[in-house]
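Inspection log for the structure reproduced underneath, given as structure tokens.
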Amino acid sequence: ALRFKSPYKIAVIPGDGIGKEVVPVGVRILQACAKKYGFEVQLEHFDFASCDYYERHAKMLPDDWVEVLSRFDALFFGAVGDPKRVPDHISLWGSLLLFRRQFDQYVNLRPARSVAGVPGPLRNPGKIDFWIVRENTEGEYTELGGKIFHGTQREMVVQETVMTRVGIDRILEYAFDLAQSRPAKQLTSATKSNGISITMPYWDQRVAEMSKRYPDVKVESYHIDILCAHFVQKPSSFDVVVGSNLFGDILSDLGPAVTGSLGLAASGNINPTGKWPSLFEPVHGSAPDIMGQNIANPIGQLEAGSMMLRHLGQPQAADDIILAVNAVLGRGKPDELTRDLGGQASTTQLGDAIEREILAPA
Ligand code: ATP
Ligand code: MG
């Protein structure tokens, strides 16, 4: 994988709604980390990929967006969409999903991590800290197929799954590399080879093949149904979990949900080669119902910043953000917590508390 060098070139794209409120907090924290660890971030702000831009230009992006964004190491994204003004199929397909395709962001990465002070749905979950790696470009999500015998008793629909050797191997390589970089060095693969009899056995075969290159990584395979059960019954036993587009999609909501922190989670759409920029964003949406009030919770955006710094090669700074979030949420002072967390703090005040924590002398 390509090595990024400071100054890191980052395109800041706040998008819509609370994106415009949480992204500035994220930017401030990136700058605090840069100051503390002695690297530089070169930030450029863009107003496209938003419904405001769409209303002015009748399109979500400028014509030269590929050229403009290709110059960056990473895209720091807020949220897009405001269905009362612009239908989601226009705002989403005209921005995020185009980025994903054009920039070949074939990895979707999401953490499942317990956050101090944030209760989850489980009684004794133990310490949850794992990553979900989802294949992001092929698999079950194709537009290949069709319908025949329209409107008759014999009506029939078919939708194909596409799995390529290159496509499977590149997602597995990312997942194995990630597992190898972690202390537990454990990789769990989601399969369903007992029911899906052609593509899933092929997936399993590629896992077995790839594992030969990583003798120090412990590999286990579970059928998706029992794996979902294990996510609930023993979430603390996972380290890195890899799945196809569909299985990864399911697991990447279930994982954060069992920690209780789905609303605080972030997501990376990653091109690991570094040839194209990767995008980091909070999992939550633009939340038009609370925009403009400075009450949105910025933690998801900060998690996105942490993931981005890890991707760029600043793991210490990335860990620092997580530690600061845990410290502030863990002590649970109402004047440092936003309303959704039971406090009275504004977006900015929670951001201030995290920044102080990061810059505090050790
Ligand atoms: P998406 O746009 O991802 O499809 P959505 O539009 O269904 O999702 P969100 O925009 O995430 O949902 O909002 C869902 C609910 O959660 C809203 O009531 C919103 O106010 C709340 N919410 C979302 N993000 C935050 C946040 N960062 N802080 C506080 N509340 C939030
Ligand atoms: Mg939304």
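The values are calculated or read from the model by the stated rules, or taken from the named source; none is laboratory data. A quick note: this is a predicted structure, and the numbers were derived from the prediction, not measured. Because the Cβ atoms are built from the backbone with ideal geometry, glycine has one as well, and the counts that use them run over all protein chains shown.
In this structure, does residue 108 turn out to be surrounded by 13 or more Cβ atoms within 10 Å (Cβ to Cβ), among the polar types (S, T, N, Q) and not in a helix (DSSP H, G or I)?
Yes; evaluated as a whole, the condition is true for this residue.
Within the stretch 112-123, does at least one residue satisfy the condition of being outside any loop (DSSP other than H, G, I, E, B) and surrounded by fewer than 23 Cβ atoms within 10 Å (Cβ to Cβ)?
Yes, that holds for at least one residue.
Out of everything in the stretch 234-258 that is hydroxyl-bearing (Ser, Thr, Tyr) and crowded, with 24+ Cβ neighbours inside 10 Å, what residue ends up being modelled with the lowest pLDDT?
252
Specify which of the listed residues (79, 58, 74) is within 16 Å of ligand 1 (Cβ to nearest atom) and over 25 Å from residue 232 (Cα atoms).
79
Return the pairs, sorted by first residue and then second, in which the second residue is assigned to a helix (DSSP H, G or I) and away from ligand 2 (no atom under 16 Å from the Cβ), the first residue lies in the stretch 286-315 and is over 18 Å from residue 76 (Cα atoms), the beta carbons are less than 8 Å apart, and the residues are 6+ apart or on different chains.
The qualifying pairs are 294/347; 294/348; 295/339; 295/347.
Tell me which residues, restricted to the stretch 260-279, are part of a loop (DSSP other than H, G, I, E, B) and either in contact with a Phe, Trp or Tyr (Cβ under 6 Å, 6 or more places away or on another chain) or buried (at least 24 other Cβ atoms within 10 Å of the Cβ) (or both).
Residues satisfying the conditions are 261, 265, 271, 272, 276, 277.
Looking at (1) under 23 Å from the mean Cα position of the chain (by Cα); (2) within 19 Å of residue 34 (Cα to Cα); (3) assigned to a loop (DSSP other than H, G, I, E, B); (4) of a type outside the set (Ser, Thr, Tyr), which is the one condition that is false for residue 362?
Of everything listed in (1) under 23 Å from the mean Cα position of the chain (by Cα); (2) within 19 Å of residue 34 (Cα to Cα); (3) assigned to a loop (DSSP other than H, G, I, E, B); (4) of a type outside the set (Ser, Thr, Tyr), residue 362 misses just condition (1).
For the stretch 280-311: of the residues being among the hydrophobic types (A, V, I, L, M, F, W, C) and surrounded by fewer than 23 Cβ atoms within 10 Å (Cβ to Cβ), which is nearest to ligand 2 (Cβ to nearest atom)?
Once the filter is applied, the top-ranked residue is 287.
Within the stretch 340-358, track down each residue that is at pLDDT 95 or above and outside any loop (DSSP other than H, G, I, E, B).
Scanning the stretch 340-358 gives 347, 348, 349, 350, 351, 352, 353, 354, 355, 356, 357, 358.
So which residues in the stretch 62-76 are out of contact with any Leu (no Cβ under 7 Å at 6 or more places or on another chain) and of a type in the set (A, V, I, L, M, F, W, C), if there are any at all?
65, 66, 68, 72, 76
Quick check: is even one residue across the stretch 112-132 within 16 Å of ligand 1 (Cβ to nearest atom) and modelled with pLDDT of 95 or more?
Within the stretch 112-132 (the criterion being within 16 Å of ligand 1 (Cβ to nearest atom) and modelled with pLDDT of 95 or more), the answer is no, since none of the residues qualifies.
Quick one: what pairs do we get from the stretch 79-97, first residue farther than 9 Å from residue 51 by Cβ, second within 8 Å of ligand 1 (Cβ to nearest atom) and in a strand (DSSP E or B), C-beta under 8 Å, 6+ apart or different chains?
Qualifying pairs under 8 Å: 79/282.
Before we move on, is residue 246 in a helix (DSSP H, G or I) and either among the aromatic types (Phe, Trp, Tyr) or over 15 Å from the mean Cα position of the chain (by Cα) (or both)?
yes
Identify all residues within the stretch 326-349 that are in contact with a helix residue (DSSP H, G or I) (Cβ under 6 Å, 6 or more places away or on another chain) and not small (Gly, Ala, Ser); write none if there are none.
The answer is 328, 336, 338, 344, 347.
Would you please name the residue that is surrounded by the fewest Cβ atoms within 10 Å (Cβ to Cβ), looking only at residues in the stretch 205-233 that are in contact with a strand residue (DSSP E or B) (Cβ under 7 Å, 6 or more places away or on another chain) and assigned to a helix (DSSP H, G or I)?
230
Take the conditions within 13 Å of ligand 1 (Cβ to nearest atom) and not in a strand (DSSP E or B) and apply them to residue 316. Does it pass?
So residue 316 fails the test.
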